[in-house]
Every structure is written in C-alpha cells, then in structure tokens.
Amino acid sequence: MIGRLTGKLAAVQPPQLLVDVQGVGYEVLAPMTTIFELPQLGGSVQLHTHLAVSETSQQLFGFIRESDRQLFRTLIKVNGVGPKMALAILSGLDGAALARCVADDNVGALVKVPGVGKKTAERLIIELRGKLTPQSGDLGDIPLMSTNAEPKVDHSGEAESALAALGYKPTDATKMVARAAKEQPDADSATLIRLALKSMAPA
C-alpha cells in the first residue's frame, strides 16, 4: 500500500495531480479542498494517500491532511458511495460543512453533489451521524492554488472541465462557472472553481 507521497508538484489538471517522487511520476486524484492548498508548481508537496483497487483499475487518491483521508475512508464505507462520489463530496464540502449537513439533516445540500440522490444523502446522514465533529472554517476560507505556469486564456473552459471531471453535468458546470465569472469577471480557473463549488455548499 502507498500511504504517503512526498515529492515535487509536476502538474495540476483538476482533479488530477502529477507528483514527481525522485523521477517517478505518480498520478493522484485529489478533492478540490486539497488542490486549493497546493504549493506552486515545482514546489514540494506531501500527500496522505489512499489506494483504491477495483477489478478494472487502481487509483491513488491524495489529501493534504490526514483528517481528510480519514473522512474519505469513512465516506467510502457508506453503502452506495464509491471513491469518485467521495471525491466529489469532499470537493464541494469540507469536513466542517459536511458535519453541519449531517447535524442539520440537510439532505438538500448533499443532493447538490453530482451522483448523490435523495436515498444516498439520507443514508450518508444516518451513517455519519455521531462520526463527524464540526471544525472551524469552511470552503470560503481555503486559500487559492498558486502556480508558476503561464495563465491560460480559457479560464472558464478549464473550470468547466474540472467540474465535469468531478461528476457535474456539462450544462450544470457551464451555469455554475458562468455565475462565478459574473461574480468575479477577471478570475482565474482556480478562483472560478472555488466560487462555483462555494455556491453549491450549504449556507
């Protein structure tokens, strides 16, 4: 099992990262709450990882904090929640926001996550009740990802692609990014993603 990676951040294409560990490039899937906290490209990064193995693939998931990895592992133990859905949940809701949803029986907020239907949301609330502790901070407090790479022109397109990769329908991703771009016209792709996800999070 690969439990932790320490290396240089070689590339970021949300939700996928490439981490160079002594010349070996590891492809890692990470929630946006981790991606927003990454160092600049070429910077040193340490990720707590979880290896998900299925009959058809092996996928490595990475998290800045150990608590996020534990939350991911708690989520995938819920019936009907796989790694991809857990990644989407943790991209739209940090630990504190998810704990509030569970405490408030907020099914409406959970069904906004792509792939989460009403029954799954209700199951999440039941199975997570008592397992989560509200913490300070929310998605809006997460610093933006910085990068040394030259800015690309189509920030909206990049943001839409990232949201689609997380499971949002292309039409929904387009609307979410359009609202974010209207709120902050000169935003880069990372900012647009953050604003789009924040708009879906519970108040």
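Kindly sort D105, D68 by accessible area of their heavy atoms, largest first, with the probe set to 1.4 Å.
D105, D68
Test of understanding: what is the full-extension gain from I76 to R4, defined as 0.36 nm times their sequence separation minus their Cα-Cα distance? Kindly include the intermediate steps, with their values, before the conclusion.
Details: separation 72, 0.36 × 72 = 25.92 nm, distance 1.90 nm.
So the chain would gain 24.0 nm between I76 and R4.
Rolling a 1.4 angstrom probe over the protein chains, ignoring ligands and nucleic acids, what is the accessible area of R129 in square angstrom, nearest 10?
120
Test of understanding: what is the full-extension gain from Q16 to R65, defined as 0.36 nm times their sequence separation minus their Cα-Cα distance? Intermediate results must be reported in sequence, preceding the final value.
Details: separation 49, 0.36 × 49 = 17.64 nm, distance 1.70 nm.
Computed gain between Q16 and R65 is 15.9 nm.
Not counting ligands, DNA or RNA, and with a 1.4 Å probe, what is Y26's accessible surface area in Å² rounded to the nearest 10?
Accessible surface of Y26 is approximately 70 Å².
Let me check I've understood the local charge: for Q184, count other residues with C-beta under 13 angstrom from its C-beta, Lys and Arg +1, Asp and Glu -1. What total comes out?
Values: positive: R179, K182, R194, K198; negative: E183, D186, D188.
So the environment of Q184 carries a net charge of +1.
Quick check for you: which residues of the stretch 105-122 have the amide N under 20 Å from the point 7 Å beyond the Cα of S199 toward its beta carbon?
Counting only backbone N, you get 108-116.
Which order do you get for T49, T6 if you rank them by accessible area with a 1.4 Å probe, largest at the top?
Details: T49 0, T6 70 Å².
Ranked list, largest accessible area first: T6, T49.
Report the residue, chosen from V81, V53, V107, that carries the largest GNM mean-square fluctuation when the chain is represented by alpha-carbon nodes joined by springs under 10 Å.
Residue with maximal mean-square fluctuation among V81, V53, V107: V53.
Please identify which residues in the stretch 66-87 have an amide N closer than 15 Å to a label point set 7 Å out from the Cα of I126, following the Cα→Cβ vector.
Correct set: 78-81.
Can you list the residues, at least 5 places off or on another chain, whose amide H is less than 5 Å from the amide H of L41, using H built in the peptide plane?
Here the answer is N148, A149, since their amide H atoms fall under 5 Å of that of L41.
Mind listing the phi-derived Karplus ³J(HN,Hα) values for the stretch 66-79, rounded to whole Hz, using 6.51, -1.76 and 1.60 with θ = phi - 60°, and x for any glycine or proline?
4, 5, 5, 5, 5, 5, 4, 5, 5, 5, 6, 7, 6, 4
Mean-square fluctuation check for the chain, GNM, Cα pairs under 10 Å: which of T33, T56, T171 is largest?
T56
If I ignore ligands, DNA and RNA and count only protein heavy atoms, how much of D154 is accessible to a 1.4 Å probe, in Å² to the nearest 10?
Here the residue's solvent-accessible area equals roughly 90 Å².
Identify all lysines with a Cα-Cα distance to K84 below 20 Å; exclude those on the same chain that are fewer than 8 residues away in sequence.
Excluding near neighbours in sequence, the set is K112, K118, K119, K169, K198.
Can you compute 3J(HN,Hα) from phi for each residue in the stretch 109-118, using the Karplus curve 6.51 cos²θ - 1.76 cosθ + 1.60 with θ = phi - 60°, rounded to whole Hz and x for Gly and Pro?
Once rounded to whole Hz, the list reads 5, 5, 6, 6, 6, x, x, 8, x, 4.
Please express the Cα-Cα pair-distance distribution P(r) of the chain as a list of whole percents, one per 10 Å bin, running from 0 to the bin with the greatest distance.
All Cα pairs considered, the percentages come to 9, 36, 37, 16, 1.
Could you list which residues have their amide H under 5 Å from that of I2, counting only those 5 or more apart in sequence or on another chain, with H placed in the peptide plane?
L51
Name the long-range amide H neighbours of L29: under 5 Å, sequence gap of 5 or more, or other chain; modelled H, no Pro or chain starts.
Result for L29 returns L17, L60, F61, G62.
The values are calculated or read from the model by the stated rules, or taken from the named source; none is laboratory data. Everything numeric here is computed off the predicted structure, so don't read it as measured data. Cβ atoms come from the backbone with ideal geometry, glycine included; neighbour counts cover every protein chain shown. When the accessible area is computed, the model is the full protein with side chains, heavy atoms only, and any ligands, DNA or RNA have been set aside. Shrake-Rupley method; radii C 1.70, N 1.55, O 1.52, S 1.80 Å.
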